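A short worksheet on the structure shown next.
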Amino acid sequence: MTPPRIDLRSDTVTQPTPAMREAMARAHVGDDVFGEDPTVNQLEAMAAAMFDKEAGLLVSSGTQGNLVSLLAHCQRGDEVIMGHNSHTYNYEQVGTAVLGGIAPRIVMNQPDGILRLEDIEAAIMPDNVHFGITRAISLENTHNRCGGAFLTPEYTDAVAALAQRYGLKLHIDGARIFNAAIAQEVDVKALTRHADSVTFCLSKGLSAPVGSVVVGSRAFIKRARRARKMLGGGMRQAGVIAAAGIVALTEMIDRLREDHANARRLANGLSRIPGIQPEPVHTNIVYFHVDHPRFNARTLQKALLAEDVGVLALGPGRIRAVTHYGIEAEDIEETLDIFASLLQ
Ligand code: TLP
């Protein structure tokens, strides 16, 4: 199967940049399970510094990053508070429960991705023999299913304060945390300063081919590293992956604003097409609803694919399109022309 020419299914489809391929080819490598890969060590130290945390850990994916983080924070029988729309609850096979005996305690996400403080507080289990032990809270920034919405530093600080008051750990699934930072013109440190752990992805908008990084305290990363090894995620000459990650963190963050501009351009154009209602756009993710006499989300996805445009239908009437490196303003204009010719 060849991917569509204008591929808006996800920012995970990004190709590595020429500078990444070059860096990968030249990377100094060693056995990372022995801690001897200089390029991995450099990436982990760089990530830790960017988030003002003590240590970092390269993992194979965002899913693995969230899993090792929660395994490192929790014991069997513990509970983690997370949103009903969170990626960790919906798209990670509830690995915490399957592999760690850690139960998700679900709180409703608001449309802007937040969990209300009072809802979090109500979900914290009292110290009682009947209940599991609440151990951690997991937030998602930006929020994938909630329209790519971002959490603010103030909101995150308020959740962190609540967590501290109850002796809970705060984990952030920051798969797209750099999109959240760019959209608000703040440093990622401000979005994560009181979090105990953060996972962020190199392989989405930052365009590296593989990998995510977890950051946190030295003691936490030591436990996360053990969990990663148990999951079979101890990689050897992983410097070839880390080299692309270093380029991603050095060169690919500022350009995310182009993706945000293209997402707005797409949503503005779609709002003028009959039968399409875009949701508000916050970062690089555009959701829209299809209410058309000839199309539902699935048939429109198929018709667009026939025109070499990829989107993801996520239910009977809702479609997701994601902008990223490799998608230019002209691609958005061409996509809008295709929509117009199909739907008008
Ligand atoms: N999201 C993917 C799909 O799994 C839906 C996508 O195309 O958006 N947290 C968040 C918020 C994510 O969006 C994703 C991936 C992950 C974690 C998991 O990352 P990977 O795919 O690297 O395991």
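The values are calculated or read from the model by the stated rules, or taken from the named source; none is laboratory data. Keep in mind that this is a model prediction, so the values were computed, not measured. We place every Cβ from the backbone using ideal geometry, glycine too, and count neighbours over all the protein chains shown.
Please verify whether GLN110 is within 16 Å of the ligand (Cβ to nearest atom) and either closer than 26 Å to PRO280 by Cβ or in the same structural domain as GLY232 (by TED's automatic domain parsing) (or both), treating the condition exactly as stated.
Details: within 16 Å of the ligand (Cβ to nearest atom): no; either closer than 26 Å to PRO280 by Cβ or in the same structural domain as GLY232 (by TED's automatic domain parsing) (or both): yes.
Criteria not met by GLN110.
Answer yes or no as to whether ARG105 is assigned to a loop (DSSP other than H, G, I, E, B) and of a type in the set (Lys, Arg).
Taking the combined requirement at face value, the residue does not satisfy it.
Test VAL33 against the criterion of being in contact with a Lys or Arg (Cβ under 7 Å, 6 or more places away or on another chain) and either in contact (Cβ under 8 Å) with a residue 40 or more places away in the chain or buried (at least 16 other Cβ atoms within 10 Å of the Cβ) (or both), and give yes or no.
Details: in contact with a Lys or Arg (Cβ under 7 Å, 6 or more places away or on another chain): yes; either in contact (Cβ under 8 Å) with a residue 40 or more places away in the chain or buried (at least 16 other Cβ atoms within 10 Å of the Cβ) (or both): yes.
Yes, satisfied.
Among LEU139, LEU151, which is the only one that is closer than 30 Å to ASP254 by Cα, within 16 Å of the ligand (Cβ to nearest atom) and assigned to a loop (DSSP other than H, G, I, E, B)? So that I can check it myself, show each step before the final result.
Numbers: LEU139 fails: assigned to a loop (DSSP other than H, G, I, E, B).
The match here is LEU151.
Could you figure out which of (1) surrounded by fewer than 24 Cβ atoms within 10 Å (Cβ to Cβ); (2) within 16 Å of the ligand (Cβ to nearest atom) isn't true of HIS194?
(2)
The conditions are (1) out of contact with any Lys or Arg (no Cβ under 8 Å at 6 or more places or on another chain); (2) part of a helix (DSSP H, G or I), and ALA72 fails exactly one of them. Which is it?
(1)
So, of the residues in segment 154-181 that are in a loop (DSSP other than H, G, I, E, B) and among the hydrophobic types (A, V, I, L, M, F, W, C), which turns out to be farthest from the ligand (Cβ to nearest atom)?
Among those residues, the one meeting the criterion is LEU168.
With ALA55, ALA25 as the choices, which residue is within 26 Å of SER69 (Cα to Cα), among the hydrophobic types (A, V, I, L, M, F, W, C) and assigned by TED's automatic domain parsing to the domain that holds LEU170?
Just one listed residue meets the conditions, ALA55.
Matching residues to (1) among the aliphatic types (A, V, I, L, M); (2) within 11 Å of the ligand (Cβ to nearest atom); (3) farther than 23 Å from LEU115 by Cβ:
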site: ALA48; (1), (2), (3): yes, no, yes
site: GLY56; (1), (2), (3): no, no, yes
site: LEU71; (1), (2), (3): yes, no, no
site: ARG76; (1), (2), (3): no, no, yes
site: MET82; (1), (2), (3): yes, no, no
site: GLU92; (1), (2), (3): no, yes, no
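Keeping to segment 130-165, report how many residues are touching a helix residue (DSSP H, G or I) at 6+ places or on another chain (Cβ under 8 Å) and aromatic (Phe, Trp, Tyr).
1
Does any residue in segment 82-95 that is farther than 14 Å from LEU70 by Cα come within less than 8 Å, Cβ to Cβ, of a residue that is among the β-branched types (Val, Ile, Thr) six or more places away or on a different chain, and which pairs are these?
GLY83/ILE106; GLY83/VAL107; HIS84/ILE106; HIS84/VAL107; TYR91/THR63
When both residues are 6+ apart or on different chains and their Cβ atoms are under 9 Å apart, which pairs have a first residue that lies in segment 4-22 and is near the ligand (Cβ under 8 Å from one of its atoms), and a second that is among the charged types (D, E, K, R) and part of a loop (DSSP other than H, G, I, E, B)?
Going by the 9 Å Cβ cut-off, the qualifying pairs are SER10/LYS204; ASP11/ARG176; ASP11/LYS204; THR12/LYS204.
May I ask you to say which residue of LEU256, LEU231 is touching a helix residue (DSSP H, G or I) at 6+ places or on another chain (Cβ under 7 Å), in contact (Cβ under 8 Å) with a residue 40 or more places away in the chain and surrounded by fewer than 21 Cβ atoms within 10 Å (Cβ to Cβ)?
LEU231 is the lone residue from the list that is touching a helix residue (DSSP H, G or I) at 6+ places or on another chain (Cβ under 7 Å), in contact (Cβ under 8 Å) with a residue 40 or more places away in the chain and surrounded by fewer than 21 Cβ atoms within 10 Å (Cβ to Cβ).
Can you name the condition, by its number, that GLU185 falls short on among (1) under 30 Å from ARG26 (Cα atoms); (2) not assigned by TED's automatic domain parsing to the domain that holds VAL322; (3) not small (Gly, Ala, Ser)?
Condition not satisfied by GLU185: (1).
Take the residues of segment 283-335 that are among the hydroxyl-bearing types (Ser, Thr, Tyr) and either in contact (Cβ under 8 Å) with a residue 12 or more places away in the chain or in contact with an Asp or Glu (Cβ under 8 Å, 6 or more places away or on another chain) (or both): which is farthest from GLY205 (Cα to Cα)?
Ranking the qualifying residues of segment 283-335, first place goes to THR335.
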